[in-house]
Amino acid sequence: MPINPDAAGAVGEETEISWTSKDSLLYALGVGAGASDPTGFELEFTTENTRDVSQRMLPTQVVVIGPSRMPDYGDFNLAALLHGDQHIELHQEIPPAGSAVAQSRVAGIYDKIKAALVVLETNVRSHDGEPMWTSRAGLFISGEGGWGGDRGPANTWRQPDREPDHVTGYDTRTDLALLYRLNGDRNPLHSDPSFAAMAGFDTPILHGLCTFGVTGRALLHTLCGSDPARFGSMGGRFKAPVLPGQRLDVCMWDEGDTTLFQTCVGDRVVFDAGVFTTR
């Protein structure tokens, strides 16, 4: 059957999830941590046995910890699916190794006429019941719209009419997609040149969530003093693909309680409508 709009609000079963110190080290390397200065910068994320340095987890790693059991919301062609946006909110600092309980729900299904927008939300709590983090993904599924349903909330994000208050950039490694895929996303679009060519790309592209993670590092170091305990929430929209080896520059505008941001490759915006908060 096609997308089922009546599945909005459906809740999946609770699932126990876990992650290890090695998982956290691999994720940090997969989003470029330590690449610019392997022995002097970000050692708390890239090592677990450095003298006087305690291992910590990059906040954006929560997007790859799982899986949880997702409620059924219909059947569709996976080739028609596009990861449109991603949001995370951390309710506490997440340790580099641990376990928790996750539960996912279909937070909304919206009619975009030519596509359906499915919003999936996962809430994670400790075994003692304390909230740990919430993640939310918006999936655009082409060809599944047009049933006359709710169009969904409007996007009111606007780029401030001034120069950014901060710009932090990182060069990405040419093999970064090969490293990031070891976190679980083995889609050949990011590793197989022939598959990438069938999708219209000259070479495999970087995972969108890897771009998300590199962006999160820039926000962490610039706005949180590199302290994961101060990282509150981060979200925005994927706008354009990134190739491994390209430089990512994150432009940030202070707006009181929030910071607006965009991630660019040169003058091309690749992650848009970004909103960040500290805790």
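FYI, it's all coordinate maths here, none of it is from the lab. Here the structure is a predicted model, which is why all the values come from computation and not from measurement. Don't worry about glycine lacking a Cβ; one is built from the backbone with ideal geometry, like all the others, and counts go over all protein chains shown.
Approximating the spin labels as points 7 Å out from Cα along Cα→Cβ, the Arg268-to-Glu255 distance works out to 2.6 nm. Cut-off 10 angstrom, C-alpha nodes, Gaussian network model of the chain. Which of Asn187, Asn155, Asn123 fluctuates the most? Among Asn187, Asn155, Asn123, the largest GNM mean-square fluctuation belongs to Asn155. Rounded to the nearest Hz, the phi-derived 3J(HN,Hα) couplings of the range 156-166 under the Karplus curve 6.51 cos²θ - 1.76 cosθ + 1.60 (θ = phi - 60°) are 9, 5, 9, 5, x, 8, 6, 5, x, 6, 9, where x marks glycine and proline. Here the calculated FRET efficiency for Ala229 and His166, from their Cβ-Cβ distance with R0 = 25 Å, stands at 0.80, rounded to the nearest 0.05. The simple spin-label model puts a point 7 Å past each Cα toward its Cβ; for Glu93 and Lys22 those points are separated by 2.5 nm. Each residue of the range 58-67 was assigned a 3J(HN,Hα) from its phi angle through the Karplus expression (A = 6.51, B = -1.76, C = 1.60, θ = phi - 60°), giving 5, x, 6, 4, 4, 6, 10, 8, x, x Hz with x at Gly and Pro. Computed from label points 7 Å out along Cα-Cβ, the spacing between Asn187 and Asp175 is 2.3 nm.
Once the Cα atoms of helix 208-223 and of the chain are each reduced to a long axis, what angle between those two axes, in degrees from 0 to 90 to the nearest 10, is obtained? Helix 208-223 and the main axis of the chain meet at about 50 degrees. Amide H contacts for Val270 (H built 1.01 Å from N in the peptide plane; partners 5 or more residues away or on another chain; cut-off under 5 Å): Thr263, Cys264, Val265.
Classify the chain: rounded, prolate or oblate, from the alpha-carbon gyration tensor (a ≥ b ≥ c, eigenvalue square roots; a/c under 1.5 rounded; otherwise prolate if a/b is larger than b/c)? It is rounded, given that a/c, with a ≥ b ≥ c, falls under 1.5.
The GluC sites (Glu not before Pro) found in the range 35-77 include none that occupy coil by DSSP while having at most 11 further C-beta atoms within 10 Å.
At 222 nm, what helix-only mean residue ellipticity would the chain give, in deg cm²/dmol to the nearest 500, using -39500 (n - 2.57) for each DSSP H run of four or more?
One gets -4000 deg cm²/dmol as the mean residue ellipticity at 222 nm.
Seen from a random direction on average, the alpha-carbon convex hull of the range 166-278 projects onto 7.0 square nanometres.
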